[in-house]
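Q: Take this structure, written in structure tokens, and hold onto it; I'll ask about it next.
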Amino acid sequence: MAEPKKIRMRTPLVEMDGDEMTRIIWQMVKDDLICPFVELKSEYFDLGLRHRDETDDEVTVNAAEATRRLGVAVKCATITPNAQRVEEYGLKQMWKSPNGTIRALLDGTVFRTPIVVRGIEPQVRSWKRPITIARHAYGDVYRNVEIRVPGAGRAELVLTSADGTERRELIHEFTSPGVIQGMHNLDASIESFATSCLEYALATRQDLWFATKDTISKTYDHRFKDIFADLFEASYKERFEAAGIEYFYTLIDDAVARVMRSEGGFVWACKNYDGDVMSDMLSAAFGSLAMMTSVLVSPQGHFEYEAAHGTVQRHYYRHLKGERTSTNSVATIFAWSGALRKRGELDDTPELASFADRLEKATIDTIESGQMTGDLARITTFPKPQTLDTEQFILAVAEHLRP
């Protein structure tokens, strides 16, 4: 029987390779699930830690610039080095998070949604529908400046205006060692964040929640609250009413309590760090860190799809020893399907978007047939799941994908 004709792509997408076990999975997904069916066109960037170090992290900037040019990117999980990694890899310096660099350059919002499958039940019994986290992707602790205070001293926050005038606020009079952290954000970035969240809620017809702690942070967090409120009242209130959806603001601690009692099915907008923490909480509560989609959306309409989890270091070291691993590849598969679907939509190639739909269905069908990786087999409600290793699961998806 002749091999089926491969789907052609009009425009390349940006491909950002990564680190450790997810780099191994990345190649398997391409070899077994993408390239047999699609004539893949991509501009390749190696964001593996060693290559980032060799290029002084210029490769990360180049990948972000290519995303602005081509409009769609797919990214593998990457290492954000700590002191231990600097020593392990012999790095020139402790490079910043590539995700943080890309998010800052694209000024985007990260939307993360759990992948719901039969047999993997949410830990919170009231949740019936997925909850999407909208994470601001600029500033806060990810762009901070820190000082280790060795002893007694006076710490001040100083703003020097363009005309040379200064404004000073006392942070603390230190009488003993401590630490200082300075954070910032930009009105323009907050407005982009608010716009992306409001547009996403309208596009998906879901309520939008936004939460900070403005009762404590009366200037910083309150600025977020005001920008969201002003934009909603000026441009979105009537559109939300027509769509039958709601926007409301609440404190972050109240939002957590509301989320735990909800049925799901809404968008929860969070500041940068809050979104980082809450998306991991939601993904784990819905089943697994490897069962969540993640897409960075810029105000200009650029899209970067990625797996929301890390590089699975422990499995990688086992893989290097030749030991069997059972690493969940679902988030990586869905990163590729999301990017291919968006490329198809933007290029008006419906066959490519349709393939992305089939790839996701094949992945879900594999799990719902009882074939899954070890992380899911430990929590499934199916009585006798078949636990597959890393490669076996991807090959099982390929079987479900074939016509």
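Q: Checking I133 against (1) assigned by TED's automatic domain parsing to the domain that holds Q371; (2) in contact with a Gly (Cβ under 6 Å, 6 or more places away or on another chain), only one condition comes out false. Which one?
A: The failed condition is (1).
Listed here are the residues, each with its yes/no results for (1) in contact with a Lys or Arg (Cβ under 7 Å, 6 or more places away or on another chain); (2) over 29 Å from G275 (Cα atoms); (3) surrounded by fewer than 16 Cβ atoms within 10 Å (Cβ to Cβ); (4) at pLDDT below 95.
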position: A134; (1), (2), (3), (4): no, no, no, no
position: D140; (1), (2), (3), (4): yes, no, no, yes
position: E166; (1), (2), (3), (4): no, yes, yes, no
position: T175; (1), (2), (3), (4): no, yes, yes, no
position: H184; (1), (2), (3), (4): yes, no, yes, no
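Q: Sort through I180, I147, I131, I171 and tell me the only one that's among the aliphatic types (A, V, I, L, M) and closer than 30 Å to V74 by Cα.
A: Details: I180 fails: closer than 30 Å to V74 by Cα; I147 fails: closer than 30 Å to V74 by Cα; I171 fails: closer than 30 Å to V74 by Cα.
When all the criteria are applied, what remains is I131.
Q: In addition: Looking only at residues that are under 18 Å from A307 (Cα atoms) and out of contact with any Lys or Arg (no Cβ under 8 Å at 6 or more places or on another chain) in the stretch 344-361, which one is surrounded by the most Cβ atoms within 10 Å (Cβ to Cβ)?
A: Going through the stretch 344-361, the residues under 18 Å from A307 (Cα atoms) turn out to be 356-357, 359-361.
Okay, now just the ones that are also out of contact with any Lys or Arg (no Cβ under 8 Å at 6 or more places or on another chain), so 359-361.
On the way: L359: 26, E360: 20, K361: 13.
Within the stretch 344-361, the match that is surrounded by the most Cβ atoms within 10 Å (Cβ to Cβ) is L359.
Q: Name the helices (runs of 4 or more DSSP H) wholly inside the stretch 1-90 in which the number of residues that are farther than 23 Å from A137 by Cβ is 1 or more.
A: Working: elements: 20-29, 49-54, 58-70, 83-89.
Here the list reads 20-29, 49-54, 83-89.
Q: Identify the residue in the stretch 142-164 that is out of contact with any strand residue (DSSP E or B) (no Cβ under 6 Å at 6 or more places or on another chain) and within 19 Å of I190 (Cβ to Cβ) and, among all such residues, is surrounded by the most Cβ atoms within 10 Å (Cβ to Cβ).
A: Of everything passing the filter in the stretch 142-164, Y142 is surrounded by the most Cβ atoms within 10 Å (Cβ to Cβ).
Q: Please indicate, with yes or no, whether at least one residue in the stretch 331-350 is within 23 Å of P36 (Cβ to Cβ) and either over 26 Å from the mean Cα position of the chain (by Cα) or part of a loop (DSSP other than H, G, I, E, B) (or both). Full working, then the answer.
A: Going residue by residue through the stretch 331-350, those that are within 23 Å of P36 (Cβ to Cβ) are 331-345, 347, 349-350.
Restricting the remaining residues to those that are either over 26 Å from the mean Cα position of the chain (by Cα) or part of a loop (DSSP other than H, G, I, E, B) (or both) gives 349.
Taking every residue of the stretch 331-350 in turn, at least one turns out to be within 23 Å of P36 (Cβ to Cβ) and either over 26 Å from the mean Cα position of the chain (by Cα) or part of a loop (DSSP other than H, G, I, E, B) (or both).
Q: Can I ask one more? Can R69 be described as within 18 Å of P299 (Cβ to Cβ) and over 18 Å from the mean Cα position of the chain (by Cα)?
A: On the way: within 18 Å of P299 (Cβ to Cβ): yes; over 18 Å from the mean Cα position of the chain (by Cα): yes.
Yes: the conditions hold for R69.
Rundown of residues vs (1) modelled with pLDDT of 95 or more; (2) at positive phi; (3) crowded, with 23+ Cβ neighbours inside 10 Å, yes/no style:
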| residue | (1), (2), (3) |
| --- | --- |
| G18 | yes, no, yes |
| K30 | yes, no, no |
| P36 | yes, no, no |
| Y44 | yes, no, no |
| T80 | no, no, no |
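Q: Given the criterion closer than 26 Å to E391 by Cβ, at pLDDT 95 or above and in a strand (DSSP E or B), identify the matching residue among E360, E306, E323.
A: On the way: E360 fails: in a strand (DSSP E or B); E323 fails: in a strand (DSSP E or B).
Criteria check complete, one pass: E306.
Q: What are the residues in the stretch 370-384 that are hydroxyl-bearing (S, T, Y) and surrounded by 15 or more Cβ atoms within 10 Å (Cβ to Cβ), if any?
A: T373, T380
Q: State the number of residues belonging to the stretch 160-183 that are among the hydrophobic types (A, V, I, L, M, F, W, C) and under 33 Å from the mean Cα position of the chain (by Cα).
A: Keep residues of the stretch 160-183 that are among the hydrophobic types (A, V, I, L, M, F, W, C), which gives 162, 170-171, 174, 179-180, 183.
Filter again for under 33 Å from the mean Cα position of the chain (by Cα), leaving 179-180, 183.
Here the count works out to 3.
Q: Go through L395, L376 for me and flag whichever is assigned to a helix (DSSP H, G or I), under 23 Å from V38 (Cβ atoms) and in contact (Cβ under 8 Å) with a residue 60 or more places away in the chain.
A: On the way: L376 fails: under 23 Å from V38 (Cβ atoms).
Exactly one of L395, L376 is assigned to a helix (DSSP H, G or I), under 23 Å from V38 (Cβ atoms) and in contact (Cβ under 8 Å) with a residue 60 or more places away in the chain, namely L395.
Q: OK, next. Taking the criterion of being at positive phi and in a helix (DSSP H, G or I), would at least one residue in the stretch 137-151 satisfy it?
A: Scanning the stretch 137-151, I find at least one residue that is at positive phi and in a helix (DSSP H, G or I), so the answer is yes.
Q: What is the residue count in the stretch 232-264 for residues that are surrounded by fewer than 12 Cβ atoms within 10 Å (Cβ to Cβ), touching a residue at least 12 places away in the same chain (Cβ under 8 Å) and hydrophobic (A, V, I, L, M, F, W, C)?
A: Number satisfying all stated conditions: 1.
The values are calculated or read from the model by the stated rules, or taken from the named source; none is laboratory data. Owing to the predicted nature of the structure, the values given are computational and were not obtained by experimental measurement. Reconstructed Cβ throughout: ideal geometry from the backbone, glycine too, with neighbour counts over all protein chains shown.
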